[in-house]
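Student: Take this structure first; my questions come after.
The values are calculated or read from the model by the stated rules, or taken from the named source; none is laboratory data. Since the model is a prediction, treat every value here as computed from it, not as a measurement. Every residue, glycine as well, gets a Cβ built from its backbone with ideal geometry; the counts of neighbours run over all protein chains shown. To get the accessible areas, we keep the full protein, side chains included, count just its heavy atoms, and leave off ligands, DNA and RNA. Shrake-Rupley method; radii C 1.70, N 1.55, O 1.52, S 1.80 Å.
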Amino acid sequence: MGAINGTKRIQTFEEFVKVHALLLTASGLPENLHRLLFHKLAGDTFDGGEHFQIDPSEDGRKRCLVLTSDSMAKESNVFLVDHAWTFRLTDAYKQLHEVPGLVERMGALLCVDIDLNSDANGDGVSSHEESDKPDVVEILESEVREAREKGDGVFRWLELDDLNIDDEMLLSLELPTRFPDLLALSLYGNKLNILEMIVQEVIKFKHLKGLWVNNNPALANCDGELADAVTKELPELEIYNSSFTNNFGEWALGFCAGIYGKDNPGNVGQVDGSLQSAFSPISLPNLSYLNIHGNPLEQNSVGDLLDLLRRFSCLCSLEVDIPGPLGGSAIEILESLPNITELNGISASKILETRKHVIDSVLVPRLPEWTPDEPLADRVISAMWQYLMTYRLADEEKIDETSVWYVMDELGSALQHSDEPNFRVAPFLFMPEGNLASAVSYSILWPIQNVQKGDECTRDFLLGIGEDKQRSARLTAWFHTPENYFTQEYEKYNQKLKSKTLTLPTKQCSETRSIRHLDGRSLRVYTDIPHVEEYLTHPEFVVTNEPKDADIIWTSLQIDDDMKKATGITDQQYINQFPFEACLVMKHHLAETIQKAHGSPQWLQPTYNLETQLSQFIGDYNVRQREGLNNLWILKPWNMARTIDTTVTDNLPAIIRLMETGPKICQKYIEQPALFQGKKFDLRYIVLVRSMHPLEIFLSDCFWARIANNQYSLDRSSFFEYETHFTVMNYRGSINLKNIKDFVREFEEEHQVKWLDIHSRVRNVIRSLFEAAAVAHPEMHSPTSRAIYGVDVMLDSTFQPKILEVTYCPDCTRACKYDTEIVVGGGGFAKGSDFFNNVFRCLFFNENSQVSPL
């Protein structure tokens, strides 16, 4: 970006454009609005309030922005939007507690303080709201009277939603005795806590076809358990919590088609045959609308379902998950069902014109959830991901390693999502003095369509992101997307992993020869690594400053064709890199390598490449949530060191939004690690690789523990504490160094285990890891490659080793600086000054000193 001399403020439009040219281009703001933006920035003009108003939506749980001007033409104006909160993720929790008024403003802006603004009676509901709730008994008597007046007096449909019914009240109502012929019962949004009691009552309704018990405390962690229990005892149940059961038939599809409902519940004793016979043009000749959202219909093929729906000549409006039971393309569905004029609320002609394959306009917003006693700061941290935007600072020299997140002010945050937005928003850094030091961050807002008074103003939350970048899956951060689809994707992926079996490479006698000069000359080593230069003192190795003159190249840099050309390095020289070693040292490739060979071994936590496997991950997350399993995950950039941009969270929208700061893997967090005196730790091992085919690998007897500074905790506030959840303190915090002999002795005493048993498991895991690379990537082998890798291992609470990552050219400072008593192998004493001598002797002379073959 440009600059102006000294600290003189920008005075003219020309100076503004010169300094901000790149930023203006990146924002996408039309050129005809650049001058207006300059004047508003120079005058600090926030005039959005003259054109818009903020209205509540979703019962006060969200807000929307509405145009109050008579009209606004496309690209006719631009507005400044202030940033209410700007932060780096590691500082978020601290700022909410320390910046005066911040947590209160954010609570109001994110609509997570609504129960704090009422006269709470202790359960998050105001006394006034309680008094407004109708009496349950009165509702029942009214419903019975209505049934008698309108029909045959038999009561078949009962809705008791949001009435604060608890377990004791449900029993006292004696619903099965009073209404034995119920076909549909809804107890949505009440206060039922005891799972067994719900099952006991609902299974008494022997003819029940539809049951809704969503949003009750009892289902928070065991919805699947309740579903299994009631479907087993109620063979006629077709709909459970808005999803089809395996017994669905005419009644369920009739309900989705709007044929069955409160006014026409159907009859007891209807016989359901196959889908084709029960749900047919003969039984439903006038079917014009069908909603099968959220239902997999997995026992029917796509072709069979399309054939069936084609026979309904009146069917013109259809709502269905895409991808889903009718396939993965809206266009293909419409081409197969030519009578459909509206699909998921959008006209068929428009879909065919835009060639849009995935239609998601009917998605329900994901609203923040919290418990009444949850602190306001925790609510903000949980809800903020649906509002945050991000950028990363950069100048001519470098790009900032950590992203900046921000929340727009009340006006900007009221903009809701649309696939066809009428406004666009972009971050903009104004530098009034022409340099980064004077920068002030804003967002800029402008119309990209003609807008009329009263229209809702919207933006695309995923601007520029199409299905090639998993758009539909990423919308899960803001909307309830079809869980069944993601569950199926996860189950297919999981089944594929389970089917993997590794064919081990045949163990062969070593063919790798020593490269010692027969005439006694020293091997020349070129290195750019200070510790190698300092500690490689063995007389048969001599350091040279010229790469082209060296026998061995030992470098921290990537040696590619360009580097070979620039330095004169040849294919005959030995280098400390293996071809395609990215399959180990890049985190997403490491997981792929292991999964390709071993499937899902115990020693690798479930791992997903979010760039390609987001749908499978969401399915896994949903299954865990439904089954009440721990859902804590760690996000790691593909290829960043020192835990940069690494986050621990159980928040699904957070995981999806964090994709925006760069490619990442999402790995199941080891929530119950083995601890050392209450603190988390991991182990760094050094693996020497002499050959990939045959596989010749060695483990250095020198390894070390890296220990966190804080006591381990799973409190949500601790997820932002680096020194609680991370162990690498070389670059921040104070290093908690522990002599390995003392560490092992104290660990054995604390946990009553033998370290040699643990070490044996670690050796087997590391061997399995490199076997996976040898089998999955035979192209790694190179006769002139020798290398060492850092392998980081963590133990879970059962002392099962887990592979965390593999590092190329690992930092061996601790191995070189400290003399160590060896606690594995043959024992003895390791002098730090001999570490690289032993490494080079093993790799190049086939001499094993203080290393052991794997």
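Residue-by-condition table, conditions (1) crowded, with 19+ Cβ neighbours inside 10 Å; (2) within 34 Å of the chain's Cα centre (by Cα); (3) under 21 Å from M794 (Cβ atoms):
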site	(1), (2), (3)
V543	no, no, no
F580	no, yes, no
H588	yes, yes, yes
Q595	yes, yes, yes
W603	yes, yes, yes
T607	yes, yes, yes
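Student: Is it the case, given these coordinates, that D650 is in contact with a strand residue (DSSP E or B) (Cβ under 6 Å, 6 or more places away or on another chain), over 24 Å from T501 (Cβ atoms), among the acidic types (D, E) and in contact (Cβ under 8 Å) with a residue 12 or more places away in the chain? Spell out how you get there, then give the answer.
Tutor: Values: in contact with a strand residue (DSSP E or B) (Cβ under 6 Å, 6 or more places away or on another chain): no; over 24 Å from T501 (Cβ atoms): yes; among the acidic types (D, E): yes; in contact (Cβ under 8 Å) with a residue 12 or more places away in the chain: yes.
Judged against the criteria, D650 is not a match.
Student: To continue, here is another question. Which number in (1) modelled with pLDDT under 95; (2) not in a loop (DSSP other than H, G, I, E, B) marks the one condition that V358 misses?
Tutor: (2)
Student: Before we move on, is F698 surrounded by fewer than 22 Cβ atoms within 10 Å (Cβ to Cβ), over 30 Å from W370 (Cα atoms), touching a residue at least 60 places away in the same chain (Cβ under 8 Å) and in contact with a Cys (Cβ under 7 Å, 6 or more places away or on another chain)? Show your work before the answer.
Tutor: On the way: surrounded by fewer than 22 Cβ atoms within 10 Å (Cβ to Cβ): yes; over 30 Å from W370 (Cα atoms): yes; touching a residue at least 60 places away in the same chain (Cβ under 8 Å): yes; in contact with a Cys (Cβ under 7 Å, 6 or more places away or on another chain): yes.
So F698 passes the test.
Student: Identify, from the list T503, T512, T555, the residue that is open to solvent by 90 Å² or more (accessible area, probe 1.4 Å), polar (S, T, N, Q) and closer than 23 Å to E581 by Cβ. Give the steps one after another, and end with the answer.
Tutor: Working: T512 fails: open to solvent by 90 Å² or more (accessible area, probe 1.4 Å); T555 fails: open to solvent by 90 Å² or more (accessible area, probe 1.4 Å).
From the options T503, T512, T555, the qualifying one is T503.
Student: Looking at this structure, is R786 among the basic types (K, R), surrounded by 15 or more Cβ atoms within 10 Å (Cβ to Cβ) and under 32 Å from the mean Cα position of the chain (by Cα)?
Tutor: Working: among the basic types (K, R): yes; surrounded by 15 or more Cβ atoms within 10 Å (Cβ to Cβ): yes; under 32 Å from the mean Cα position of the chain (by Cα): no.
Here the answer is no, as R786 does not meet what is asked.
Student: Looking at the range 161-265, what helices (runs of 4 or more DSSP H) fall wholly within it and have at least 2 residues that are open to solvent by less than 70 Å² (accessible area, probe 1.4 Å) and of a type in the set (G, A, S)?
Tutor: Details: elements: 167-173, 175-178, 195-202, 223-233, 250-256.
It comes to 223-233, 250-256.
Student: Give me the pairs, please: first residue somewhere in the range 757-780 and within 17 Å of K802 (Cβ to Cβ), second residue anywhere and open to solvent by 10 Å² or more (accessible area, probe 1.4 Å) and part of a helix (DSSP H, G or I), beta-carbon distance under 8 Å, and either six or more positions apart or on two chains.
Tutor: S768/H598; A772/K596; A772/H598
Student: Here is a further query. Regarding P810, is this residue open to solvent by 30 Å² or more (accessible area, probe 1.4 Å), not β-branched (V, I, T) and not in a helix (DSSP H, G or I)? If you could, list the steps in order and put the result at the bottom.
Tutor: On the way: open to solvent by 30 Å² or more (accessible area, probe 1.4 Å): no; not β-branched (V, I, T): yes; not in a helix (DSSP H, G or I): yes.
Considered against the rule, which asks whether it is open to solvent by 30 Å² or more (accessible area, probe 1.4 Å), not β-branched (V, I, T) and not in a helix (DSSP H, G or I), P810 comes out as no.
Student: Given (1) open to solvent by less than 20 Å² (accessible area, probe 1.4 Å); (2) part of a loop (DSSP other than H, G, I, E, B); (3) touching a Lys or Arg at 6+ places or on another chain (Cβ under 7 Å), identify the lone condition not met by G434.
Tutor: So G434 meets the others, but not (3).
Student: Within the range 412-428, work out how many residues are open to solvent by 30 Å² or more (accessible area, probe 1.4 Å) and closer than 13 Å to L80 by Cα.
Tutor: Residues meeting the conditions: 2.
Student: If only one of T487, T527 is open to solvent by less than 40 Å² (accessible area, probe 1.4 Å) and within 36 Å of the chain's Cα centre (by Cα), which one is it?
Tutor: Values: T527 fails: within 36 Å of the chain's Cα centre (by Cα).
Sole residue among the options that is open to solvent by less than 40 Å² (accessible area, probe 1.4 Å) and within 36 Å of the chain's Cα centre (by Cα): T487.
Student: Output the number of residues of the range 795-807 satisfying the condition of being open to solvent by 10 Å² or more (accessible area, probe 1.4 Å) and either in contact with a Pro (Cβ under 7 Å, 6 or more places away or on another chain) or assigned to a strand (DSSP E or B) (or both). Explain how you work it out, then say what you get.
Tutor: First pass over the range 795-807, keeping only residues open to solvent by 10 Å² or more (accessible area, probe 1.4 Å): 796-800, 802, 804-805, 807.
Adding the requirement that they be either in contact with a Pro (Cβ under 7 Å, 6 or more places away or on another chain) or assigned to a strand (DSSP E or B) (or both) leaves 796-797, 802, 804-805, 807.
Going through the range 795-807 one residue at a time, the tally reaches 6.
Student: Return yes when K738 is within 27 Å of F836 (Cβ to Cβ), surrounded by 18 or more Cβ atoms within 10 Å (Cβ to Cβ) and basic (K, R) and no when it is not.
Tutor: Details: within 27 Å of F836 (Cβ to Cβ): yes; surrounded by 18 or more Cβ atoms within 10 Å (Cβ to Cβ): yes; basic (K, R): yes.
Taking the combined requirement at face value, the residue satisfies it.
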